[in-house]
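Contents: one structure, followed by commentary.
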Amino acid sequence: MAGPWVPEPDHPAARHRNKIGELAVTPAVLGLILSFVPFVSFVAWFPLIAAIVLAVIALTKKNHREGHALVALVVAAIGVLVVGIPILV
């Protein structure tokens, strides 16, 4: 009977979960939702900036998965555009 499968260190499955990246998704989604509310959209800047900072920190960690961090960064960027475009117009 063979033991449990252990991936090699260079194998993609050997990469660790990125908890900071997972954490960055929450303020990104919250900021995106708040950016669509008419009189509350100025409050959306706080979670959007927090999500961008957390996503950049998560992307700089070595040997961790980037998926959640990339999703948080893209969602936060969309939220910044939704909040920023009416300010510029």
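The values are calculated or read from the model by the stated rules, or taken from the named source; none is laboratory data. Computed from a predicted structure; not experimentally measured. Positions of Cβ are backbone-derived with ideal geometry, glycine not excepted, and every protein chain shown enters the neighbour counts.
Structure data summary
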read-out: Residues (in contact with a helix residue (DSSP H, G or I) (Cβ under 7 Å, 6 or more places away or on another chain) and part of a loop (DSSP other than H, G, I, E, B)) located in segment 14-40; value: Asn18, Phe36, Val40
read-out: Filter pass, Phe46 being assigned to a loop (DSSP other than H, G, I, E, B) and at pLDDT 85 or above; value: no
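Conditions (1) at pLDDT 85 or above; (2) surrounded by 11 or more Cβ atoms within 10 Å (Cβ to Cβ); (3) within 14 Å of the chain's Cα centre (by Cα), marked per residue:
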site	(1), (2), (3)
Pro4	no, no, no
His11	no, no, no
Ala14	no, yes, no
Thr26	yes, yes, yes
Gly31	yes, yes, yes
Lys62	no, no, no
Val71	yes, yes, yes
Val80	yes, yes, yes
